[in-house]
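Chemist: Structure below; questions to follow.
The values are calculated or read from the model by the stated rules, or taken from the named source; none is laboratory data. As the structure is a computational prediction, the values presented were derived from the model and not from experiment. For neighbour counting, all protein chains shown are included, and Cβ atoms are generated from backbone atoms with ideal geometry for every residue, glycine included.
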Amino acid sequence: MTDPVVGLVLEGRYRLEERVARGGMSTVYSATDLRLHKTVAVKVMAEHLAHDPTFVDRFTREARAAAMLSHPNVVGVSDQGSDQGLVFLVMELVRGRTLRDLLTARGRLTVAEAFAVLEPVLSGLTAAHRAGIVHRDIKPENVLIGVDGVVKVADFGLARAVVGTGQTSQTGGVLIGTVAYLSPEQLERGRADARSDIYAAGIVLYEMLTGHPPYGGDTPLAVAYQHVHHDVPAPSAEVPGLPWAVDELVARGTRRDPAGRPIDAGAFLAELADVRKDVGIEPVPVPTGRSTAGPGTLRPTNRPTRPRHPSNPGTAVLGAQRGGRTTAMPGMGAGPTTDVQGRRPGIDRARPGVPQHIRRRRARFAVAVVVLLAITIGAIGWWMGSGRWTDVPALVGKSREAAVDLLQDAGLDPKPVVEEWSETVAAGTVISTDPVAGREAIRGTDVRVVVSKGPERYTVPAELVGRPADEVEAELQETVPVQVTRSDVYDNDVDAGLVTGFDPAPGSALQRDQVVTMLVSKGHAPVGVPDVTGQSPEQAVANLEALGFSVERADDGRSADVDKGEVMAIEPAPGREAPYRSTVTIQVSAGVPLVTVPDVVGMNEAEATAALEAVGLQVESTRFFGNRVFRQSVSPGETVEQGSKITILLTFG
C-alpha cells in the first residue's frame with residue numbers, strides 16, 4: 001500500500017521521499033531539504049500521539065534540548081515543527097545499521113571491538129551530560145554504526161518523552177527492550193541522571209562482550225527485579241579469558257548504587273581509557289558488520305556461548321522490516337520479533353506421542369501466560385487512563401530533601417531545583433513549585449522547585465583594612481553589592497590614605513544596596529602644645545619630642561618674669577594644637593630686660609623719681625639742703641637691667 005504521507009512537503013521545505021522505517025510511536029522517512037538541497041531523515045510522530053498536547057509539548061521541548069548538541073558521535077537534530085496535522089523532527093540521515101543488527105549477526109564482539117564502539121558512544125554522552133541532557137534510553141537500538149564506521153548515538157531527549165507517555169501498548173517489545181537497560185533507580189523511583197546512562201552503557205558493554213544482556217526473564221517485571229536486586233555478573237563468567245580489568249570496568253559502570261558509578265560519561269570514558277592502557281588493548285576499526293560478500297552481508301562470528309531465552313529483552317528489535325533485513329530506527333516501538341532474514345519464528349506445537357502429563361503441564365503454562373497477559377493488558381489500560389497521571393504534592397515550606405523525596409514518590413522529577421534569596425523563608429526551604437501543588441501532571445514530568453537561600457546577605461572582608469582607600473573602594477564595587485561612602489578620620493596607628501575600618505564593622509551581615517562607610521585615615525591626630533615655660537631648655541625639648549614634635553631654639557630673649565636660662569616663650573603658644581611631627585620653637589631667657597637710663601638732672605625729686613620708675617628702675621635720693629637733682633649715679637643714655645638702682649643727688653637749684 002502506498003504511504004499517503006510520501007510526497008508531502010512539510011513547511012514548504014521538507015519533501016518526504018520514501019518511508020525508511022515504521023514503529024508504534026513514529027515513522028521515519030528519507031526526505032529532501034528543498035532549501036539546502038540535501039537528504040535528511042524526518043521522523044513523524046504517530047497520529048494517536050500527535051493529538052496528545054502533553055506529549056507534543058514534551059516532544060517539542062526535548063527536541064529543542066537535543067538540537068543544542070553538536071557532536072560527531074551524536075545524531076544531529078536540525079529542525080522540529082508541525083504541519084498538515086503532522087508533528088515531525090528533522091534529523092541527520094545515517095546510512096548504516098544499528099549495534100543491535102551487528103550483535104544479531106555477530107553474536108558478540110571482541111574486547112577491542114567492544115571498546116571501539118563504546119568509546120564514541122561515551123564521547124557523545126559526555127557532550128550531552130555537560131549540556132545537562134540525560135539520554136535515559138541507551139541501548140543497542142539507539143547506537144548507529146555508519147557505513148564509514150562512524151558511531152552515533154540517537155534519540156537524545158526523545159527517550160524521556162517516550163517513557164513519559166507510557167505508550168508501550170503498541171508493541172510488546174518496547175517495554176521489554178527498555179527494561180533490559182534501565183538502572184535500578186529508574187525502575188524503583190523513575191529517577192534518572194547521568195549515572196543512569198552510565199549503567200545502561202555498562203549493560204551494553206556486557207552485551208557486546210557476551211552476546212546477550214545480563215538478565216533475561218519471562219516478564220518485564222522479572223527482568224526489572226534482577227536489575228534492582230542482583231549485581232551484574234562478570235562477563236568472563238560467560239566468556240572465559242576476558243581480562244579481569246574488563247570485568248571490573250563493567251562492575252563499576254553497573255553498580256546498583258548510583259553513587260558507586262562514574263559521575264558521568266566523561267569519567268567512564270577516562271576509566272575505559274585507563275583499562276585500555278593497562279591491559280594493552282590496541283585500537284581497532286569500528287566493526288561495521290560488512291564483508292566483501294556485499295553491503296548487506298554480516299559475518300557470523302563469535303556466537304553467544306549459550307542460547308538466548310525467547311523472551312530475553314535483548315532480543316527485542318526496535319524497527320521495521322524492509323528489503324529482507326531490519327532497518328533499525330531508534331526511538332520507535334518494535335514490531336514483532338523476527339529473525340535476521342525477517343521471518344517470524346515458528347510456533348512450537350506439541351508433537352504426536354507427547355505424554356499426557358507433559359501436555360497438561362503445557363496447558364497449565366498456557367493458562368498462566370494468558371492470565372499474565374490479561375494482567376499486563378489491564379496494567380497498560382490503567383496506565384493509559386489514570387495511571388500515568390499524578391498530582392503535584394504540596395512542597396512549599398518543606399525542606400529541600402523532603403521535597404525531592406515527595407516528588408520522586410509521586411513519580412515526578414525535581415528538575416530543575418533553583419535557589420533564590422528570601423527575606424521571609426528560611427534557607428533550604430521550598431518557596432514555590434511549577435506546576436503548583438494539586439495540579440495533575442504526567443509521571444516523569446519535570447517540576448521546577450524554588451528553594452530559599454535565606455536572606456540575601458553579604459560581608460566586607462576584614463583583610464581590606466590597612467589597604468589603600470582607592471583600591472579597596474574599587475574592589476568593593478566589583479565584589480559586594482553595597483553602597484560605599486567615604487569618611488576621613490584621624491588614626492594614630494594607620495598612615496594617611498589607608499583604610500582604618502568600616503561602619504558597620506567588617507564581617508557584619510549586610511543587605512543588598514546597604515550603605516557601608518569606609519573609614520579612611522587622615523594620619524595622626526593633631527597634638528596639643530604643652531606649656532614648657534620656666535623649664536630648662538633640655539627638659540622642654542625632651543617633653544616636646546616625646547609628643548612627636550621637632551624642636552627648634554630661637555635667639556635668647558629677656559623676661560622680667562622668667563629667670564635667666566629658662567624657657568620664656570614657645571611657638572605655637574601653649575594650649576594650641578599643632579600637626580603631629582610638626583616643628584615647635586622655644587626661646588630661652590637671657591635675664592631681665594635692658595632699659596635706657598633717662599636724664600633727670602634739674603628735675604625736682606618727684607619728677608625724677610617718676611621718670612626713672614617709669615622705665616623700671618629703682619630710685620634712691622641723697623639730699624643736700626635742696627630739692628633739685630644735681631647729679632644721677634648712672635649717666636643718661638646708658639643701658640642697665642630693668643630694676644637696677646639709680647641714685648640721685650638733690651641740692652638747691
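Chemist: When you go through Phe88, Phe59 one by one, which is the residue that is at pLDDT below 90, hydrophobic (A, V, I, L, M, F, W, C) and over 27 Å from the mean Cα position of the chain (by Cα)?
Modeler: Phe59
Chemist: Kindly check whether there is at least one residue in segment 94-103 that is part of a strand (DSSP E or B) and farther than 25 Å from Ser183 by Cβ.
Modeler: Yes, some residue in segment 94-103 is part of a strand (DSSP E or B) and farther than 25 Å from Ser183 by Cβ.
Chemist: Among the residues of segment 393-415, which ones are within 10 Å of Val451 (Cα to Cα), of a type in the set (A, V, I, L, M, F, W, C) and assigned to a helix (DSSP H, G or I)?
Modeler: Ala403, the sole residue that qualifies.
Chemist: Right, next: Go through segment 246-278 and give me each residue that's hydrophobic (A, V, I, L, M, F, W, C), surrounded by fewer than 17 Cβ atoms within 10 Å (Cβ to Cβ) and either part of a helix (DSSP H, G or I) or touching a Ser or Thr at 6+ places or on another chain (Cβ under 9 Å) (or both).
Modeler: Ala259, Ala270, Ala273
Chemist: Contact list please: Cβ distance under 6 Å, first residue in segment 478-499 and outside any loop (DSSP other than H, G, I, E, B), second residue among the charged types (D, E, K, R), pairs at least six apart or on different chains.
Modeler: Qualifying pairs under 6 Å: Gln483/Asp513; Val484/Glu473; Asp488/Lys522; Val499/Arg467.
Chemist: So, one more: Quick one: in segment 601-615, of everything that is among the hydrophobic types (A, V, I, L, M, F, W, C) and part of a helix (DSSP H, G or I), which residue is nearest to Leu649 (Cα to Cα)?
Modeler: Per the criteria, the residue is Ala608.
Chemist: If you don't mind, there's one more thing I want to ask. Filter segment 500-520 for residues that are in a strand (DSSP E or B) and hydrophobic (A, V, I, L, M, F, W, C); which is farthest from Glu463 (Cα to Cα)?
Modeler: Val515
Chemist: Going through segment 211-245 one residue at a time, which ones are assigned to a loop (DSSP other than H, G, I, E, B) and over 19 Å from Thr178 (Cβ atoms)?
Modeler: Correct list: Gly211, Asp231, Pro233, Ala234, Glu238, Val239, Pro240, Gly241, Leu242, Pro243.
Chemist: While we're here: Can you say whether Val425 is touching a Pro at 6+ places or on another chain (Cβ under 7 Å), surrounded by 18 or more Cβ atoms within 10 Å (Cβ to Cβ) and under 30 Å from Val134 (Cβ atoms), as far as the supplied structure shows?
Modeler: For Val425, the condition - touching a Pro at 6+ places or on another chain (Cβ under 7 Å), surrounded by 18 or more Cβ atoms within 10 Å (Cβ to Cβ) and under 30 Å from Val134 (Cβ atoms) - is not met.
Chemist: Select from segment 23-59 the residues that are of a type outside the set (D, E, K, R), free of Cβ contacts under 8 Å to residues at least 12 places away in the same chain and not in a helix (DSSP H, G or I) and list them in ascending order.
Modeler: Scanning segment 23-59 gives Leu36, His37, His51.
Chemist: Name the pairs whose Cβ atoms lie under 6 Å apart, with the first residue in segment 182-197 and over 19 Å from Ile442 (Cα atoms), the second assigned to a helix (DSSP H, G or I), and 6 or more positions between them or separate chains?
Modeler: Filtered contacts from segment 182-197: Ser183/Ser196; Ser183/Tyr199; Pro184/His227; Pro184/Val228; Ala194/His129; Arg195/Pro258; Ser196/Gln186; Asp197/Leu125.
Chemist: Identify all residues within segment 388-408 that are hydrophobic (A, V, I, L, M, F, W, C) and surrounded by 16 or more Cβ atoms within 10 Å (Cβ to Cβ); write none if there are none.
Modeler: Of everything in segment 388-408, those that are hydrophobic (A, V, I, L, M, F, W, C) and surrounded by 16 or more Cβ atoms within 10 Å (Cβ to Cβ) turn out to be Val392, Leu395, Ala403, Val404, Leu406, Leu407.
Residue-by-condition table, conditions (1) of a type outside the set (S, T, N, Q); (2) modelled with pLDDT under 95:
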residue: Ala234; (1), (2): yes, no
residue: Glu248; (1), (2): yes, no
residue: Gly253; (1), (2): yes, no
residue: Glu271; (1), (2): yes, no
residue: Leu298; (1), (2): yes, yes
residue: Pro313; (1), (2): yes, yes
residue: Thr338; (1), (2): no, yes
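Chemist: Filter segment 130-147 for residues that are farther than 21 Å from Gly211 by Cβ and touching a strand residue (DSSP E or B) at 6+ places or on another chain (Cβ under 8 Å); which is modelled with the lowest pLDDT?
Modeler: Checked segment 130-147; the qualifying residue modelled with the lowest pLDDT is His135.
Chemist: Could you say which residue among Gly411, Gly501 is surrounded by 14 or more Cβ atoms within 10 Å (Cβ to Cβ), more than 30 Å from Pro579 (Cα to Cα) and over 26 Å from the mean Cα position of the chain (by Cα)?
Modeler: The conditions single out Gly411.
Chemist: Name every residue in segment 435-477 that is at pLDDT 90 or above, in a strand (DSSP E or B) and loosely packed, with under 15 Cβ neighbours inside 10 Å, in order of residue number.
Modeler: Within segment 435-477, Arg448, Pro468 qualify.
Chemist: Quick check, is Ala554 in contact with a strand residue (DSSP E or B) (Cβ under 7 Å, 6 or more places away or on another chain) and surrounded by fewer than 16 Cβ atoms within 10 Å (Cβ to Cβ)?
Modeler: yes
Chemist: Can you pull out every residue in segment 1-11 that is touching a Lys or Arg at 6+ places or on another chain (Cβ under 9 Å) and either at pLDDT below 90 or not in a strand (DSSP E or B) (or both)?
Modeler: Answer for segment 1-11, where residues must be touching a Lys or Arg at 6+ places or on another chain (Cβ under 9 Å) and either at pLDDT below 90 or not in a strand (DSSP E or B) (or both): Asp3, Val5, Val6, Gly7, Leu8.
Matching residues to (1) among the basic types (Lys, Arg); (2) buried (at least 23 other Cβ atoms within 10 Å of the Cβ); (3) closer than 16 Å to Ala200 by Cα; (4) not assigned by TED's automatic domain parsing to the domain that holds Gly202:
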site: Ser78; (1), (2), (3), (4): no, no, no, yes
site: Gly81; (1), (2), (3), (4): no, no, no, yes
site: Gln84; (1), (2), (3), (4): no, no, no, yes
site: Arg100; (1), (2), (3), (4): yes, yes, yes, no
site: Val121; (1), (2), (3), (4): no, yes, yes, no
site: Ala127; (1), (2), (3), (4): no, no, no, no
site: Ala131; (1), (2), (3), (4): no, no, no, no
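Chemist: While we're on this one: Which of (1) in contact (Cβ under 8 Å) with a residue 24 or more places away in the chain; (2) exposed (fewer than 13 other Cβ atoms within 10 Å of the Cβ) does Asp561 not meet, given it meets every other one?
Modeler: Against the list (1) in contact (Cβ under 8 Å) with a residue 24 or more places away in the chain; (2) exposed (fewer than 13 other Cβ atoms within 10 Å of the Cβ), Asp561 comes up short only on (1).
Chemist: Please tell me if Ala127 is farther than 30 Å from Val56 by Cβ and at pLDDT 90 or above.
Modeler: no
Condition check ((1) assigned by TED's automatic domain parsing to the domain that holds Asp470; (2) touching a strand residue (DSSP E or B) at 6+ places or on another chain (Cβ under 9 Å); (3) charged (D, E, K, R); (4) closer than 30 Å to Glu478 by Cβ) across all residues:
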{"site": "Val541", "(1), (2), (3), (4)": "no, yes, no, no"}
{"site": "Ala546", "(1), (2), (3), (4)": "no, no, no, no"}
{"site": "Arg558", "(1), (2), (3), (4)": "no, yes, yes, no"}
{"site": "Gly565", "(1), (2), (3), (4)": "no, yes, no, no"}
{"site": "Thr609", "(1), (2), (3), (4)": "no, yes, no, no"}
{"site": "Glu613", "(1), (2), (3), (4)": "no, yes, yes, no"}
{"site": "Leu617", "(1), (2), (3), (4)": "no, yes, no, no"}
{"site": "Ser621", "(1), (2), (3), (4)": "no, yes, no, no"}
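Chemist: Restricting attention to segment 227-245, which residues are within 36 Å of the chain's Cα centre (by Cα) and surrounded by fewer than 18 Cβ atoms within 10 Å (Cβ to Cβ)?
Modeler: Val228, His229, His230, Asp231, Ala245
Chemist: Also, quick follow-up: Give Thr429, Thr424 a once-over and let me know the one that is in contact with a helix residue (DSSP H, G or I) (Cβ under 8 Å, 6 or more places away or on another chain) and modelled with pLDDT of 90 or more.
Modeler: Thr429
Chemist: What are the residues in segment 521-550 that are in a loop (DSSP other than H, G, I, E, B), more than 24 Å from Asp561 (Cα to Cα) and in contact (Cβ under 8 Å) with a residue 40 or more places away in the chain, if any?
Modeler: Gly523, His524, Ala525, Pro526, listed by residue number.
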